[in-house]
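Here is the structure we will look at.
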Amino acid sequence: MRDYDYIIVGGGSAGCVLAARLSQDPSSKVLLLEAGGRDMSPLIHVPGFVVSAIESRTLNWHYAGLPDPTLNGRSLVWAGGRVLGGSSSINGMVFVRGLPADYAAWEAAGGAGWGWDGLLPYFIRMEHWVGRPSPQRGESGPLWVRPASDVNAACTVVMRAAREAGVPYVEDYNIGVTEGSGFTQASQKRGLRHSAARAYLGPARGRKNLTVLTGAQVLRLRLTGNRCEGVSLLHGGSMVEIGAGRQVILAAGAIASPKLLQLSGIGDPDHLRRCGIAVRHKLPGVGANMNEHVNVKICSHAKIRTYTSEGRGVRKLANGLRWALGRGGPAGSQVGHVQSFFKTDPAFASSDIQVQTMPIGFDNAPDDTTDAVGSVVSLCHPVVRGRIGIASADPLAPPHVEIRLLEEPADLKPLVAGLRVVRDWHRSTQASALLGGIFGPAATAHSDADWVDYMRATAALNWHPTSTCRMGSGPMDVVDPTLGVHGVEGLSVADASIMPTVPSGNTNAPVIALAEKAADLIGGRCR
């Protein structure tokens, strides 16, 4: 049954990196398993199709959350890529490394070597940066990253308003700044999405020691005593068992990785027994501690064309032709145009609010013909925690995803403060040249209670779940700093689930850097 040296479960951002890096050793046989299909859909590769990619029932797992009483009983849905490249094949392509304070917190939580200085070499190694050269940016890595192109002027005036309010302009927010506003960077190559599948798997697919199997749904881990020997999976309607001589690596994401551990009898014993699962190894932190960014939007009418009208009628056809001929225009652009990080309290050492400004009005717009600009206001370091748990012993049943997103008073205060600041940007003299009035209740909210009511009615997810297989040495931690699962030999986790806390900003770039480091750690540990 020892058919491969490494079995990687999950062909998303982390899995693609691990498969490419571990298979660089020609003596190692590597198997990458992905439940979804190949990344052939044009919805993936044309940036202008990003909304359709996210809405696709084929490309996205659409994990349904339980009703949230802190959101007036609304049930939110977590996106998760169900295709080679995972979420890097359907996300907004936004490239944010995070802030140095994020990684200092990881190190303080027990992740020795996972601070900013420990991860910076991997951020550099992963990048093919096409902006202004910098010793802190990589120029020869596999993943292409570029500054925003075709930035909508209505987004630019919001950035100028932020600068007038004291948030400095930064040309590159990814080189360790603690506060600033600048143009969004995107994982794109020559007008196409550059996913982890294209960046890492593409060049590696010809290796004889690398096998990539799509449509492969892993059901359980195969355990003998305290060692993971391999996996059981469903492929082509048949049950298959495959062995791993060195290591099984879970890279299925912050929702699917803890689910698979629980299905295999690794987790909180009481929960496993309630679901009819025999307990193989007690690890109560599996599925616990889920951290996620909440977002609330401030949206305004625009006095110029934004992506609403650019995506309709003759303008849609013209922009499609522009992309086909030169890979430019709105169809070749990421939807986020400006990134801002600021402090709601000057005494803070680092920013606690992220703002992504986009030339769209989201669901806040009064109708789908309104040209608009929306600023997505997110809390960088939310206190609230959620949980992932299997609902039964059926491996094909969706897991329970539970979080009371606005439960913590410590999260509400900075969110309200951030929303007030961003509303002022939209109302500023600088912005008034191109922006009209703000939509809905955000225009008239006065008291903290008004803002909290607005958040409960409209708050959404950034689709950045982390920390469900948390790294550390405490009783609720799941992996050690080399990413080995506590108490189980031959098993590692290497995806967003191991992050002690969610980093500031979008999580795809940190996941890829994490996987680059994991390849070195796991490969070195298993030789």
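The values are calculated or read from the model by the stated rules, or taken from the named source; none is laboratory data. Because the structure is a prediction, the values reported are computed rather than measured. Don't worry about glycine lacking a Cβ; one is built from the backbone with ideal geometry, like all the others, and counts go over all protein chains shown. Quick note on the areas: whole protein, heavy atoms, side chains included, nothing else; ligands and nucleic acids left out. Shrake-Rupley method; radii C 1.70, N 1.55, O 1.52, S 1.80 Å.
At 37 °C and 0.692 mPa s, grab the translational diffusion coefficient of segment 430-488 from Stokes-Einstein with a Kirkwood Rh over Cα pairs, rounded to a whole number in µm² per second.
Using the Kirkwood radius from Cα pairs, D works out to 206 µm²/s.
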**Message:** Percent of Cα-Cα pairs more than 20 Å apart in segment 32-157, please.
**Reply:** 64
**Prompt:** Across 20 Å bins from the origin, how do the percents of Cα pairs in the chain run, short distances first?
**Reply:** 23, 57, 19, 0
**Request:** Please state, to two decimals, what the Cα-based radius of gyration of segment 301-395 comes to when divided by 2.2 N^0.38 Å (N = residues).
**Result:** 1.54
**Shape parameters for segment 1-80, alpha-carbon atoms, Rg then Dmax in Å** = 17.4, 56
**Message:** Per residue of segment 164-177, what does 6.51 cos²θ - 1.76 cosθ + 1.60 with θ = phi - 60° give for ³J(HN,Hα)? Whole Hz please, x for Gly and Pro, Karplus curve as stated.
**Reply:** 4, 7, x, 8, x, 6, 10, 5, 9, 7, 9, 10, x, 6
**Prompt:** How far, in degrees from 0 to 90, does helix 508-526 lean away from the longest principal axis of the Cα atoms of the chain, to the nearest 10?
**Reply:** 20
**Item:** Mean accessible surface per residue for the chain, computed with a 1.4 Å probe while every protein chain stays in place, in Å²
**Value:** 37
**Prompt:** Of all the accessible heavy-atom surface of segment 389-497, with the other protein chains kept in place and a 1.4 Å probe, what percent is carbon and sulfur?
**Reply:** 57
**Complete:** Given the candidates LEU210, GLY386, GLY472, the one whose Cα lies deepest towards the positive end of the charge dipole of the chain, counting +1 at each Lys or Arg C-beta and -1 at each Asp or Glu C-beta, is LEU210
**Prompt:** To one decimal place, what Kirkwood hydrodynamic radius in Å is obtained for segment 346-488 from all pairs of distinct Cα atoms?
**Reply:** 18.3
**Prompt:** For segment 213-370, what's the radius of gyration and Dmax over Cα atoms, in angstrom?
**Reply:** 24.3, 66
**Message:** On the Cα set of segment 165-274, report Rg and Dmax in Å, please.
**Reply:** 20.9, 61
**Asked** Cα centroids of segment 128-185 and segment 1-42: how far apart, whole angstrom?
**Response** 32
**Request:** Whole number please: convex hull volume per residue, Cα atoms of segment 411-527, in Å³.
**Result:** 139
**Complete:** Residues whose built amide H sits under 5 Å from the amide H of HIS486, excluding neighbours closer than 5 in sequence, are VAL479, ASP480
**Dipole magnitude (debye, nearest 20) for the chain, charges at Cβ of Lys, Arg, Asp, Glu** = 1380
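Calculate the dipole size of segment 99-247 relative to its Cα centre from +1 charges on Lys and Arg beta carbons and -1 charges on Asp and Glu beta carbons; express the result in debye to the nearest 20.
820
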**Prompt:** Each residue of segment 266-273 in turn: what ³J(HN,Hα) in whole Hz from Karplus with 6.51, -1.76, 1.60 and θ = phi - 60°, glycine and Pro shown as x?
**Reply:** 10, x, 6, x, 4, 5, 4, 5
**Prompt:** Residue by residue through segment 183-191, which ³J(HN,Hα) values in whole Hz follow from phi under the Karplus form 6.51 cos²θ - 1.76 cosθ + 1.60 (θ = phi - 60°), with glycine and proline marked x?
**Reply:** 6, 4, 9, 9, 8, 9, 9, 6, x
**Asked** Once Lys and Arg get +1 and Asp and Glu get -1 on their Cβ, which of ALA445, GLY110, HIS400 lies farthest toward the positive end of the dipole of the chain?
**Response** HIS400
**Asked** How large is Rg over Rh for segment 472-523, taking Rg from the Cα atoms and Rh as the Kirkwood inverse mean of 1/r across Cα pairs?
**Response** 0.97
**Whether segment 269-331 is rounded, prolate or oblate, judged on the alpha carbon gyration tensor where a/c under 1.5 counts as rounded** = prolate
**Request:** Starting with the highest mean, order 250-262, 69-81 by the number of other Cβ atoms within 10 Å, averaged over the residues of each peptide.
**Result:** 250-262, 69-81
**Asked** Which value at 222 nm does the chain reach when only helices count, each DSSP H run of 4 or more adding -39,500 (n - 2.57), with the total divided by all residues and rounded to the nearest 500 deg cm²/dmol?
**Response** -8000 deg cm²/dmol
